[in-house]
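Here the structure comes first, spelled out in structure tokens, and everything after it is commentary.
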Amino acid sequence: MTRIRTFSHDFQEDEPKLVKNPDTIENYLRDESNIGGGNAEAVVYPETEAHISKILYKAYVNGIRIAVSGGGTGLTGARIPLGGYVMSMEFMTRPVTPCKEGECIIRGSYLGKEYIIRIGTDSEEYAYAVVPPGIPLNVLIDMISRYKLIYPPNPTEKNAFVGGNVATNSSGAWTFRFAPIRHYVRRLRIVLPNGDIVEVSRGEYNVSGRHFELETSSGEVIDVSLPKYKMPSLKKHSAGYYVEDNLDLIDLFIGAEGTLGVYSEIEIGLENMPEVIYPIYAHFSNIEDLLGFVDSLKRYSGEAPASIFSIEFFDGYSVDFIRKKYPPPLIPEESRGIIFFEIAGEEEDVFNTLAEVSEVLDEFNVLKVMASEDPKWIEKSREMRHAVPEGVSIFVRRHNTHKVSTDIAVPEDRFREMMDTYLDIGESSGIHYVMYGHIGDSHIHFNFLPRNVDELRKSLDHAVELMKKGVALGGTISAEHGVGKKVYFEDGEPEPILKILYGEKGLIESAELKKTIDEHLILNIGNIVSEKYLGI
């Protein structure tokens, strides 16, 4: 039987800052989702691991709910408090453990805050970084780039905190070449709901039989049983607790959306920065040629000598939004879809690969190719990618509604069927929509853009239809965003969207796991499983 032992923290230090000003609290009652109803009594700001431990211990004893807040960039309402206190991680800006021999301390600053990370190499010469949970992704990227290193998952939202990335097992465009964040988390320090602390390194604790023991600092031994459901067999999956028959325990705490503990320190693996990352836009006049090109492009996903880092898709309606900001001749009128991809490696190898890919583009009747080594063009290429979400935001604000989006990924051999479903439902609905995202990973973001309340209601129903189809194809309802507090309606009653994937039994088992580790039910209530299934 695997047993993991926790330890307590010495509380002999100052109290964390606590603010009860309503205007301050208001800033933490929402994220980038459209979920409302948040309320809290105060915001508390830990700066050390001892602060986190003290906050949670007092909350645990007194039955005060704690909602953990990262950068506020989430799309699922995960940080929205349902009473109690908000714990903002924005001042957790430095590692909590001592520097090891051979590690290099790096300092950076952003918006008036100083950030500290440590970089080192292990015995096999793999680079890693020890980082605080409150460091924004853009700050981390800047700091490690000084050492010609990259953060392989490279999530799209650069204002997100790394702690939030780990809490949702997030990923981004480069996941095509690399993997989601789970595969790069080497070590976690976690403060449990009762204030105890546990440190878990990858490969340290192997859990078999979906059962382990947690020995607290007081000597109490807690039997922990894991849900019995089977997860989708996908590269990208961020819906519910990560469980399998032979589980590396660190994986249980990654993607748990702050329901089992709060990270105080994170160690992540890094990769060497390639000499060249070359961005390319390929326009197509029809979807069949575009999909055929994607299938052929995937064969360049290997490690050497040059490889494809990302394969991103923009449908014809997305192109319309881009064209409004970048009109013809830059974006041709005939373009009904774009594949954006990046070739990376040594310069000579990149251009040799590009020459091969150019022949493939011709084979699939490419309409126009946009590429250049010019740094100004590379910067513009990044801006063009953001024109779609900007256009979507303008559209829904004009109609006083909000988008209804999905985060579905399916097995590669079922993607064409999922794409057909997207097109069928999208066109038959009569509701404006856009599709874009990580087509290299068979992961598309389908977004309904309703223009009135009736279309909004229909959009929500169609989104559920799409999620159910994705699950039927062996896919997941959330590839990178988590599930947070998102619900759908079943017989007029709200249900956690995780029920679409794992059914009522899976929700009950997930609730039992939560209640075992968080006996007093204080931490991030409503995430993954609702109050209904927790019995509160």
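Is it the case that segment 273-286 has a residue that's touching a residue at least 60 places away in the same chain (Cβ under 8 Å), surrounded by fewer than 23 Cβ atoms within 10 Å (Cβ to Cβ) and assigned to a helix (DSSP H, G or I)? No: zero hits. Residues in segment 387-434 that are polar (S, T, N, Q) and under 25 Å from residue 468 (Cα atoms): 401, 405, 406, 421, 428, 429.
Each residue in segment 285-322 was checked for being in contact with an Asp or Glu (Cβ under 6 Å, 6 or more places away or on another chain) and within 21 Å of residue 172 (Cα to Cα), and 3 of them qualify.
What pairs come out if I take residues in segment 375-387 that are under 20 Å from residue 318 (Cα atoms) and pair them with residues that are assigned to a helix (DSSP H, G or I) whose C-beta lies under 7 Å away, six or more apart or interchain? Short answer, once both residue conditions are applied: 384/322; 387/321; 387/322; 387/325. Of the numbered criteria (1) touching a Ser or Thr at 6+ places or on another chain (Cβ under 9 Å); (2) aliphatic (A, V, I, L, M); (3) farther than 20 Å from residue 194 by Cα; (4) in a loop (DSSP other than H, G, I, E, B), the one residue 29 fails is (1). Annotation note: Cβ proximity below 6 Å between a residue of segment 406-426 that is assigned by TED's automatic domain parsing to the domain that holds residue 466 and surrounded by fewer than 18 Cβ atoms within 10 Å (Cβ to Cβ) and a residue that is outside any strand (DSSP E or B) and polar (S, T, N, Q) (sequence gap 6+ or interchain) occurs for 412/442. Restricting attention to segment 527-536, and to residues there that are part of a helix (DSSP H, G or I) and without any contact (Cβ under 8 Å) to a residue 60 or more places away in the chain, which single residue is farthest from residue 256 (Cα to Cα)? Looking at the filtered set, the residue picked out is 532. Got at least one residue in segment 330-337 being under 17 Å from residue 286 (Cα atoms) and among the aliphatic types (A, V, I, L, M)? Yes, segment 330-337 contains at least one residue that is under 17 Å from residue 286 (Cα atoms) and among the aliphatic types (A, V, I, L, M).
Scan segment 108-148 residue by residue and report those that are crowded, with 17+ Cβ neighbours inside 10 Å and among the charged types (D, E, K, R). Once the filter is applied, which keeps residues that are crowded, with 17+ Cβ neighbours inside 10 Å and among the charged types (D, E, K, R), segment 108-148 yields only 118.
Taking the conditions exactly as written (under 25 Å from residue 175 (Cα atoms) and out of contact with any Asp or Glu (no Cβ under 6 Å at 6 or more places or on another chain)), does residue 497 satisfy them or not? Judged against the criteria, residue 497 is a match. Pairs are defined by a Cβ separation below 6 Å, a sequence spacing of at least 6 or placement on different chains, a first member in segment 157-176 that is at positive phi, and a second member that is part of a helix (DSSP H, G or I) and modelled with pLDDT of 95 or more; the pairs so defined are 169/181; 169/182. All of (1) under 23 Å from residue 176 (Cβ atoms); (2) exposed (fewer than 14 other Cβ atoms within 10 Å of the Cβ) hold for residue 350 with one exception: (2).
The residues on offer are 210, 202, 186, and the sole one that is touching a Phe, Trp or Tyr at 6+ places or on another chain (Cβ under 7 Å), over 17 Å from residue 72 (Cα atoms) and among the basic types (Lys, Arg) is 186.
List every residue pair whose Cβ atoms sit under 8 Å apart, with the two residues 6 or more apart in sequence or on different chains, where the first one lies in segment 1-12 and is touching a residue at least 60 places away in the same chain (Cβ under 8 Å) and outside any strand (DSSP E or B) and the second, anywhere, is of a type in the set (Lys, Arg) and surrounded by 11 or more Cβ atoms within 10 Å (Cβ to Cβ). Partner pairs satisfying both residue conditions: 9/54. Take residue 344 and tell me if it is touching a residue at least 12 places away in the same chain (Cβ under 8 Å), surrounded by 21 or more Cβ atoms within 10 Å (Cβ to Cβ) and out of contact with any Ser or Thr (no Cβ under 8 Å at 6 or more places or on another chain). It is false that residue 344 is touching a residue at least 12 places away in the same chain (Cβ under 8 Å), surrounded by 21 or more Cβ atoms within 10 Å (Cβ to Cβ) and out of contact with any Ser or Thr (no Cβ under 8 Å at 6 or more places or on another chain).
The values are calculated or read from the model by the stated rules, or taken from the named source; none is laboratory data. Computed from a prediction, not measured in an experiment: that's the story for all the values here. With ideal geometry, Cβ positions are generated from the backbone for all residues, glycine too; neighbour counts draw on all protein chains shown.
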